1. Whose amide H sits under 5 Å from the amide H of B:Asp129, counting only residues 5 or more places off or on another chain, with H placed in the peptide plane?
2. Please list the non-local residues whose amide H lies under 5 Å from the amide H of A:Trp357, H modeled 1.01 Å from N, same-chain partners needing a gap of 5 or more.
3. Straight-line reach only, C-alpha to C-alpha below 12 angstrom: list the aspartates and glutamates that A:Lys79 could link to, leaving out same-chain residues fewer than 8 apart.
4. Can you list the residues, at least 5 places off or on another chain, whose amide H is less than 5 Å from the amide H of A:Val91, using H built in the peptide plane?
5. With respect to the cross-link table entries A:Lys271/B:Lys284; B:Lys245/B:Lys336; B:Lys169/B:Lys267, which display a Cα-Cα separation exceeding 32 Å?
6. Taking the Cα centre of chain B as the origin and placing charges on Cβ (Lys, Arg +1; Asp, Glu -1), which of B:Ala383, B:Ile372, B:Leu341 is farthest toward the positive end of the dipole?
7. Once you charge only the Cβ atoms, +1 for Lys and Arg and -1 for Asp and Glu, what is the size of the charge dipole of chain A about its Cα centre, to the nearest 20 debye?
8. Between A:Arg49 and A:Ala150, what's the calculated FRET efficiency when r is the beta-carbon distance and R0 is 35 Å? Round to 0.05.
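Quick note: the coordinates plus some simple rules give every number you see, no bench work behind them. Because the structure is predicted, anything quoted here is derived from the model rather than measured. Glycine also receives a Cβ, built like all others from the backbone with ideal geometry; neighbour counts cover every protein chain displayed.
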Amino acid sequence: MEHGPIIPFSVHIEESALADLRRRLAAARWPDELAAEPWEYGADMKTLRRMTDYWGEGFDWRAAEAGINRLAQFKTAIKGGFVHFIHERGVGPAPMPIIISHGWPGSFVEMLDIVPLLADPARFGGDARDAFDVVVPSMPGYGFSDRPVAPGMTPLAMAEVFAVLMARLGYAAYGVQGGDWGATVSTWLAKLYPERVSGIHLNWIPGSLQPPVGGADPALSDAEAAFCARMAEQAARGVSTHTGIHASRPQTLGYGLNDSPVGLAAWLIDKFRMIADCDGDIESVIPLDRLLTNVSVYWFTETITSAIRLYKEAQGAPVKFLSGARILPPLGFASFPGEVAVPPREWVARVYDVQRWTEMPRGGHFAAMEQPQALAEDIRAFFRPYRRPGA
Amino acid sequence: MIETFKIGIADDVLDDLKSRLRRTRFAADFGNDGWDYGTNGAYLRELLQYWAEDYDWRVHERDINAFSHFRTVIDDVPIHFIHERGRGPKPMPLIMSHGWPWTFWDLQKVIGPLTDPASFGGDAADAFDVIIPSLPGFGFSTPLITPGVNFSRTADLWVTLMQRLGYEKFAAQGGDFGAFVTAQLGHKYAGKILGIHVHLAGPLGMISGNMPDASMFGPGEESWAAGNAAFLEQESAYSRLQSTKPQTLSYGLNDSPAGLCAWILEKRRRWSDCGGEVERRFSKDDLCTTMTLYWVTQSIGTSARFYAEAKRHPWTPSHDRQPVVEAPTAVLLFEKDIVKLPRRWAERYYNLQRWNVAQTGGHFVPMEEPDILVQDLREFFRALR
């Protein structure tokens, strides 16, 4: 399992797929325009049409592809499926290995800006001693990793896959980082392999985290009780309606999104806009080209269905911890003000060893895309004490 | 103004549908024989193949056009409806309201027996004048570009429609969302309503509010509370989505007939009394006709929006008298339906005159069990003529 060929990889989408996408975009059958406030009933048609018109007529996929391919990428087969990953060696005296896990509706594309910042800090005004060997896999079922062919690919199973990947790359000790689903995968890596994981840095605490409360553990603090009440209220209000479908009948939704690029773009971009720190203007924090690069990866790889099925699979491995269960590696948390729901520190400390908690000045759910520089600086600062000389 | 209407879908619309079906970029499925992840890929593929290559819309269009169709505009809302006169000494006017994901055509099997009972083994004295509108934003009651049209507004529109047709007093029937339209008629317009018949019972504020307490469920109803809870837990994500962001969903479903078909098919199978074999209750032609009606009228988005309008514009009572629904009421429930409320609750909420529970049949009553429905309608309204 630890052994297996690592094959260099670069992205190249066939011309016929590009032509098919352009044809479908041009032939999109738009619903009637509604006399209502923009975004009131979901993705606003004028905005969406402008974006998808640009996708078909202005967006340069080949340039985006070249940008992706400037980063060294590989594939390797683990547990029956190929895993795609970026692997950029650090430029510095003793780079520390780190594996960064992405989430939904993102992909490895979320990390395009932060990889160089972490691998070669000196080039961006930082200190070469902070360099990382950066590994960014596409989660199984996402991007250029294979789609699972059987149920059971939970975030926990993904953590096992990524542990094999890091071992195969020769890394005995490494840091882990993530947001969204990547935070859950990172949490499982730290839980399952504390002897390998030197530290865990998150910019999101898994929303489904169930730490032990009461009994031998403290009762809820006022702040925790307020947080739990807010979560329950949001669930009742249907704030996370996308995820409700993902977690119950993802396949039903997937057929339309895999067949209609405007449907796919609406589904993904609506979510980006909802949870980025953007005051309703997603392009003010993430350039349209980058958003469309991400949507294009979902489109060309036909992974929207396998990606959203993760929400259902995840029910097979709840992030639930009994009294006494601890995640041993030290935690650094970057708390972004526009994040959907940041729990109180004491909630997190019930399970994690919170060593660093940074209130970030701005940014939302897509920290690596919205605030790559700030996130990179927090990652560097957190891991500094945990670097192992010569590791 | 009321205009006669004939359905005639242009060839290029049907050709485009066919070519889209043939070019479907099919999402891979696996480990989903029991449809737990949603619509099963193998069956969907089979149905899409049939829809593209074997299904003949023109045959069904002819059947649909065998009835008398009309269109009118009320308060800027386009309304399509079937209007069939009864054959009997004194037909009773009956407006029938369908649900989601239904169309007016889900009532096809009951039109004949209700308008012309003598030709279907019944008594001409039981004849109805039948009015079957498409709900606003559904079928040929499109395009609906005005926001705010919820089931309460729909009840107002129905009263105006019936007035235009010359019916000052009338009976009303409905299931699914149509049951809410119908109950609202019995609440707000009890003086005009001869009686209402619903096969889904629920408080008018149910979509924006609470369900009756579990302690209300009586003998024979013990499993219902758990069934309702299971439905809300496992099957209601579509409703939460359509209540909040129908527009986000609509782009894909209005652009991809495969996506549309998958979305509706799952409900047809899960909500009907079919034991997991959807074709026990709906033939491939039935399914394809429903899909085609949604596709050619581009109504999936506005039909989904009906949920959002119910949520955004919560029901407000027109009076605080009890029972809430003063019109004489018959409730006919089906053991295999998705949500069932208890009789004790119904006795307080409606002016309940009749209560029956059928052992076979699920959510799509007029298609699944038209005979049971027709029989119950005749018996209930006989006393109110």
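1. B:Gly86, B:Met92, B:Leu94
2. So A:Trp357 has HN proximity to A:Phe333.
3. Reachable aspartates and glutamates: A:Glu2, A:Asp146, A:Glu160.
4. Hits under the 5 Å cutoff: A:Asp120, A:Phe132.
5. Numbers: A:Lys271/B:Lys284 36 Å; B:Lys245/B:Lys336 29 Å; B:Lys169/B:Lys267 35 Å.
Correct reply: A:Lys271/B:Lys284; B:Lys169/B:Lys267.
6. Of the candidates, B:Ala383 comes out farthest on the positive side.
7. Details: 36 positive and 44 negative charges, 215 e Å.
It comes to approximately 1040 debye.
8. Numbers: r = 39 Å, r/R0 = 1.11.
Plugging the Cβ-Cβ distance into 1/(1 + (r/R0)^6) gives 0.35.
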